[in-house]
Every structure is written in C-alpha cells, then in structure tokens.
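For reference, the structure is listed below as structure tokens.
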Amino acid sequence: MGKTTNIDYEALYRWIDEFPISRHKRNISRDFSDAIPLVEMLKQIYPRLVELHNYTPRNSVALKVINWETLNKKVLSKIGVNLSKKMIDQLANSKPGLIEKVLNDIKQKVEERENHKKDGGNSIVVEGLTSDMSGTIMPVKEKNSDKTIDHKLIPVDYIDKMEANLQEKDEAVVILRNKVQHLETLLHVKDERINDLTRQIEQLSGRSNTSLNEPRLVKKLF
C-alpha cells in the first residue's frame, strides 16, 4: 500500500457513514480491528468479490490477523490495495490512525473506478497484473513524485467477468466442502452400523457354540 498523506478525515468519515454496517462506530481502530466492518463495506462496493462467510467476528488478535490476511488476499490485493504483514498485525492490534489510511486508500480506488464509469470509460487501471493478460500497458505517474510506473489498463467488463468467475469458484468450493462433510458423515454412520452388526454376529455365534456344546455335556454326565 502506498503512502497516504493529507487525509481529509471529515470527508472520510462521511464516506464511511454512507455504508450501513452491523457494528456501531465508537473507536474506529478497535471497531475495525477484526476487519468485519470493512468486509461489510466492501461487500456493498464489490458484491461479487466479497464472500461474507469467509469472515467471522473475532476477539483474539491471532484470529483477527486471519480475517485481515483473508481479506488482503481475496479482495484488497485485487483492487490495488496491498497490506504488508506488519500492517496486518498493527491493524489487528488496533494501532491508532492506520485504519484511516487503509480506508482512505480504498476510498480513492472506489472514486477512481466511479470516475472512469462517469467519464464513459470502459477500462480501469489494475495493479499487479502479468504482461500476458489482455490490456494496454500505460505509464502512470505516482502522486507527489516524478516517478512513473507501468500499469495495466484492463476493460471493466473483463474485471466484472473475473469477479463473476471468482464468485462461481468460491460457490463451487463451498458445495464440494458440504459434499465431503456429508460423505464423511455417511462413512461414519456406515462404520458404526458395521461395528454394530459385527457385535451382533459375534453374540449370535457365541450363543450357537454354547447350544452345540450343551448335549455333549449331558452325554458325558450320563
């Protein structure tokens, strides 16, 4: 994630308040420490990119880190906001001021996307894509710097298609996991049934042996 300077906090908080989320905002660093409010915001912005079932409200720092790592890998990196391991640890530990920087970067990405759509453009700039992907390489000047970096200019329709494919794959994974769990349950029930039948057979076999031995004992007695 690039350096963020001169944050308009008033505008940022107004932007955050536009999104209905399940958690009341009291202390933003603590409220966002498990990433859940941000997940809910991003779900409204990128509905096909965010799967809510991948994230659970957490209390321990270690589990909060897992939420952030998942969000970073599945969503943030795909919209050009990359969090380092150090930043993820700091966010999970409610470091003051950091979540605002992250939110401001996301806000800028969202506004860039909206501006492209308003201008009638059919493409957006996406960071981190390989050169073999369809699209036009164009130099983009970094803010507050004379340095230029090559970015891929990718059609919006292509991005939407990628998001739809990711959604389908995630749904397929969930279905397969459910099937595996169902099969594991069936196998467990089958094993229990086999064990039960084996016990019954052993009991019946023991009784039969006892019955066969009884006449012999009688003959010996008489």
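The values are calculated or read from the model by the stated rules, or taken from the named source; none is laboratory data. Since we're looking at a predicted model, the values are computed, not measured. In this analysis, Cβ positions are derived from the backbone assuming ideal geometry, glycine residues included, and neighbour counts consider all displayed protein chains.
Things worth noting here:
- Helices (runs of 4 or more DSSP H) (entirely within region 9-101) containing at least 3 residues that are not charged (D, E, K, R): 9-17, 36-45, 61-74, 85-92
- Residues that are of a type in the set (Lys, Arg) and surrounded by 14 or more Cβ atoms within 10 Å (Cβ to Cβ) within region 39-83 comprise Lys43, Arg48, Arg58, Lys64, Lys74, Lys78, listed in sequence order.
- Tabulated pairs, region 19-36, first in contact (Cβ under 8 Å) with a residue 12 or more places away in the chain, second aliphatic (A, V, I, L, M), C-beta under 6 angstrom, 6+ apart or interchain: Phe19/Met41; Ile28/Ile99; Ser29/Ile99; Phe32/Leu38; Phe32/Ile99; Ser33/Ala92; Ala35/Leu71
One line per residue, one yes/no per condition, for (1) at pLDDT 75 or above; (2) assigned to a helix (DSSP H, G or I); (3) surrounded by fewer than 10 Cβ atoms within 10 Å (Cβ to Cβ):
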| position | (1), (2), (3) |
| --- | --- |
| Leu153 | no, no, no |
| Ile159 | no, yes, no |
| Ala172 | yes, yes, no |
| Pro215 | no, yes, yes |
| Lys220 | no, yes, yes |
